[in-house]
1. Test of understanding: among ALA267, ALA221, which residue is within 23 Å of GLN162 (Cβ to Cβ), away from ligand 2 (no atom under 16 Å from the Cβ) and modelled with pLDDT under 95?
2. Of all residues in segment 37-47, count the ones that are near ligand 1 (Cβ under 8 Å from one of its atoms) and surrounded by fewer than 22 Cβ atoms within 10 Å (Cβ to Cβ).
3. How many residues are without any contact (Cβ under 8 Å) to a residue 40 or more places away in the chain, buried (at least 21 other Cβ atoms within 10 Å of the Cβ) and small (Gly, Ala, Ser) if we restrict to segment 245-283?
4. Within segment 90-108, how many residues are away from ligand 1 (no atom under 16 Å from the Cβ) and not acidic (Asp, Glu)?
5. Within segment 192-209, is even one residue crowded, with 22+ Cβ neighbours inside 10 Å, under 29 Å from ARG266 (Cβ atoms) and among the small types (Gly, Ala, Ser)?
6. Restricting to segment 234-244, count the residues that are surrounded by fewer than 20 Cβ atoms within 10 Å (Cβ to Cβ) and closer than 29 Å to SER53 by Cβ.
7. Given the criterion modelled with pLDDT of 95 or more, more than 16 Å from ligand 2 (Cβ to nearest atom), under 16 Å from PRO198 (Cα atoms) and touching a helix residue (DSSP H, G or I) at 6+ places or on another chain (Cβ under 8 Å), identify the matching residue among PHE69, PHE123.
8. Take ARG120 and tell me if it is touching a Ser or Thr at 6+ places or on another chain (Cβ under 7 Å), away from ligand 1 (no atom under 16 Å from the Cβ) and in contact (Cβ under 8 Å) with a residue 24 or more places away in the chain.
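The values are calculated or read from the model by the stated rules, or taken from the named source; none is laboratory data. Predicted model only: the values in this text are computed from it and were never measured. Cβ placement follows ideal geometry from the backbone for every residue including glycine, while neighbour counts extend to all protein chains displayed.
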Amino acid sequence: MQPRASLALAPTLARPRTTDPENTSTAAPDGATMLPIIEAHEVTKRYQLGRTSVEALRGVTMAVEAGEFVALMGPSGSGKSTLLQLLGGLDRPTSGRVVFEGRDISRLSDSKATRLRRERTGFVFQAFNLIPLLSVEENIALPFAIGGQPGTRRDWNDRVRQVIELVELQGKERHRPDQLSQGEQQRVAVARALVTRPSVLLADEPTGNLDYTNSGELLDALWRSCQEEGQTIVLVTHDARAAAYADRVLVIGDGRISDEIVLGRRADHSAAPLIARLAQIGL
Ligand SMILES: Nc1ncnc2c1ncn2[C@@H]1O[C@H](COP(=O)(O)OP(=O)(O)O)[C@@H](O)[C@H]1O
Ligand SMILES: [Mg+2]
């Protein structure tokens, strides 16, 4: 096993961040206080199934800062997807608070929650959820077609081209989903989630249906959005290779955050240091 010191991976690329769990706000360079994008305070979630209930989350407190790439890892059934849904306003906690850009979203009405999701978040799931009859560029432009987005048609077209480059699908703009590989389809889903420049991209096992090469290409695209556009990302995965792209890994076990592994921003995404750290905490 590697010595602990070699695993304390300092950020090699400059970026402000805090690791103080008591104080979740970050001091911006000008001295002003920058709010985290998302905070969860003592969040619990209980699912009622007839007369039995499942405690999916048992008190989660965490924060994600602007520009940060955070991975949520944990075994199947540990509450990862539940937490991601609460962070993005797809569902409400049983108790506790979720604060999104300074605003408590735990008790939002359905219509306000829908607006928040549409305007401020981008979701990517294991299933690609593309519209089969639409081309790549039409699928990506869908959030603009739905409406509520600022800008002119020209701005939208420029942005669609930009995200197509970001996910490296130039030349495939007019293909339909069935004319793409699985990995390309998932990169369309990522581009569609990013096209509106959401405050946060929430991805739930996005590489779950992809082979090794396609997973790598997808993770590289997420990384570029983070590195080049300052995109904030929360990635749920049980795959150490995927989590190794993150700045910070939160480990969930049995509905609670059991560990935090700070990897720091770095261009090398080798999973070995993370795997060694996970081994140290018995995962
Ligand atoms: N809609 C639901 N209804 C009832 N139980 C659920 C629901 N969603 C998740 N659960 C349960 O909550 C627990 C956590 O699930 P989940 O958040 O999906 O875990 P993970 O994503 O880590 O696999 C599991 O026991 C799961 O069966
Ligand atoms: Mg899940």
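1. Values: ALA221 fails: modelled with pLDDT under 95.
Of ALA267, ALA221, the one residue that is within 23 Å of GLN162 (Cβ to Cβ), away from ligand 2 (no atom under 16 Å from the Cβ) and modelled with pLDDT under 95 is ALA267.
2. Here is the first cut: in segment 37-47, the ones near ligand 1 (Cβ under 8 Å from one of its atoms) are 45, 47.
So of that shortlist, the ones also surrounded by fewer than 22 Cβ atoms within 10 Å (Cβ to Cβ) come out as 47.
Qualifying residue count, segment 37-47: 1.
3. 0
4. Here is the first cut: in segment 90-108, the ones away from ligand 1 (no atom under 16 Å from the Cβ) are 97, 99-108.
Restricting the remaining residues to those that are not acidic (Asp, Glu) gives 97, 99-100, 102-103, 105-108.
Here the count works out to 9.
5. Taking every residue of segment 192-209 in turn, at least one turns out to be crowded, with 22+ Cβ neighbours inside 10 Å, under 29 Å from ARG266 (Cβ atoms) and among the small types (Gly, Ala, Ser).
6. 1
7. Values: PHE123 fails: more than 16 Å from ligand 2 (Cβ to nearest atom).
Exactly one of PHE69, PHE123 is modelled with pLDDT of 95 or more, more than 16 Å from ligand 2 (Cβ to nearest atom), under 16 Å from PRO198 (Cα atoms) and touching a helix residue (DSSP H, G or I) at 6+ places or on another chain (Cβ under 8 Å), namely PHE69.
8. Numbers: touching a Ser or Thr at 6+ places or on another chain (Cβ under 7 Å): yes; away from ligand 1 (no atom under 16 Å from the Cβ): yes; in contact (Cβ under 8 Å) with a residue 24 or more places away in the chain: yes.
It is true that ARG120 is touching a Ser or Thr at 6+ places or on another chain (Cβ under 7 Å), away from ligand 1 (no atom under 16 Å from the Cβ) and in contact (Cβ under 8 Å) with a residue 24 or more places away in the chain.
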